[in-house]
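Asker: What follows is a single structure, and I will ask about it in a moment.
The values are calculated or read from the model by the stated rules, or taken from the named source; none is laboratory data. Worth saying up front: this structure is predicted, and the values here are computed from it rather than measured. Neighbour counts are summed over all protein chains in view; Cβ atoms, including those assigned to glycine, are modelled from backbone coordinates with ideal geometry.
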Amino acid sequence: MESYDRTYKLLHWGMAMLVVSALALVEFRGWLPNRDMKHEAVFLHIQAGLGVFFLVWVRLFWRATHAAPPILPDPPRIQKIAAGWTHAGLYLLMAALPLFGILALQSKGKEISFLSWTLPVLLDEDKWLSYSLSFRNVHEILGNLLMAAIALHVLAALVHHFHVGDNTLKRMLPFPGRGEPGLELLNTSTKGNLQ
Ligand code: HEM
């Protein structure tokens with residue numbers, strides 16, 4: 001097995017685009033010239049965020065039922081442990097962060113729709129209104145943690161690719177490189193011939 005399967009890659013890059021869009025829409029909304037556009041940016045932020053919230057469960061299911069291709073050459077144990085924790089953190093944040101967004105809005109009695117489906121109400125406004133700001137603050141803190149985890153994740157992928165020279169990043173690239181044999185080939189068939 002050389003590379004992640006198509007579904008893995010589609011979920012990885014599709015969700016990466018949704019997360020980056022959700023962050024950009026809310027972080028740069030202040031640059032927009034009027035209230036209507038700012039409102040539209042927050043609406044789109046919510047749509048992208050809910051997309052992440054629904055897809056993360058599909059992704060966890062896919063991960064649990066489909067083995068990831070091995071990294072070649074095999075990295076040291078400590079690196080595998082660090083990667084495991086970062087990935088677990090990313091999954092946790094992709095589930096918890098949108099959830100706190102939902103709680104922040106529903107505790108204020110706001111209706112939330114995804115595409116044209118109205119989400120079930122998880123909290124009763126009468127009981128939870130006083131927690132609305134806390135949910136909003138947790139949402140923002142988790143958003144900042146997600147940005148840090150993404151930065152670490154991207155940095156690790158680049159170090160693996162350019163410094164270590166293994167196939168960590170190649171396994172997840174949407175299109176296999178043209179004309180260039182993958183490291184995995186070097187480690188199986190070709191390596192034997194070169195020795
Ligand atoms: C990947 C998913 C998401 C990410 C990364 C994310 C990230 C963030 C961040 C960092 C902020 C704080 C921005 C700031 O004030 O500087 C924020 C604000 C907000 N988010 Fe999210 N969020 C996500 C999903 C959601 C979802 C699913 C909802 C609602 C259902 C939501 C609702 C909101 C709202 C209402 C605000 C406040 C906007 C405002 O102050 O006008 N977010 N989000």
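Asker: Restricting attention to the stretch 111-123, which residues are out of contact with any helix residue (DSSP H, G or I) (no Cβ under 9 Å at 6 or more places or on another chain) and assigned to a loop (DSSP other than H, G, I, E, B)?
Answerer: Ser116, Pro120
Asker: Turning to a different aspect of this structure: Just checking, how many residues over the stretch 32-49 are touching a helix residue (DSSP H, G or I) at 6+ places or on another chain (Cβ under 6 Å) and either at pLDDT below 95 or assigned to a helix (DSSP H, G or I) (or both)?
Answerer: Going through the stretch 32-49, the residues touching a helix residue (DSSP H, G or I) at 6+ places or on another chain (Cβ under 6 Å) turn out to be 32, 38, 41, 44-45, 48-49.
Narrowing further to those that are either at pLDDT below 95 or assigned to a helix (DSSP H, G or I) (or both): 38, 41, 44-45, 48-49.
Final tally of qualifying residues: 6.
Asker: If you scan the stretch 148-168, which residues turn out to be surrounded by fewer than 16 Cβ atoms within 10 Å (Cβ to Cβ) and hydrophobic (A, V, I, L, M, F, W, C)?
Answerer: Ala148, Ala151, Leu152, Val154, Leu155, Ala157, Leu158, Val159, Phe162, Val164
Asker: Look at the stretch 109-135 and say how many of its residues are more than 20 Å from the chain's Cα centre (by Cα) and within 9 Å of the ligand (Cβ to nearest atom).
Answerer: Of the residues in the stretch 109-135, 3 are more than 20 Å from the chain's Cα centre (by Cα) and within 9 Å of the ligand (Cβ to nearest atom).
Asker: For His39, state whether it is touching a residue at least 12 places away in the same chain (Cβ under 8 Å) and either surrounded by 14 or more Cβ atoms within 10 Å (Cβ to Cβ) or within 16 Å of the ligand (Cβ to nearest atom) (or both). Walk me through it before giving the result.
Answerer: Details: touching a residue at least 12 places away in the same chain (Cβ under 8 Å): no; either surrounded by 14 or more Cβ atoms within 10 Å (Cβ to Cβ) or within 16 Å of the ligand (Cβ to nearest atom) (or both): yes.
No; evaluated as a whole, the condition is false for this residue.
Asker: Residues Ala67, Ala83, Ala24, Ala16: which one is out of contact with any Leu (no Cβ under 9 Å at 6 or more places or on another chain), within 11 Å of the ligand (Cβ to nearest atom) and under 19 Å from Leu173 (Cα atoms)? Explain how you work it out, then say what you get.
Answerer: Numbers: Ala67 fails: within 11 Å of the ligand (Cβ to nearest atom); Ala83 fails: within 11 Å of the ligand (Cβ to nearest atom); Ala24 fails: under 19 Å from Leu173 (Cα atoms).
Just a single option satisfies the conditions, and that option is Ala16.
Asker: For the stretch 120-129, state whether one or more residues are modelled with pLDDT of 95 or more and either within 26 Å of His160 (Cβ to Cβ) or of a type in the set (D, E, K, R) (or both).
Answerer: no
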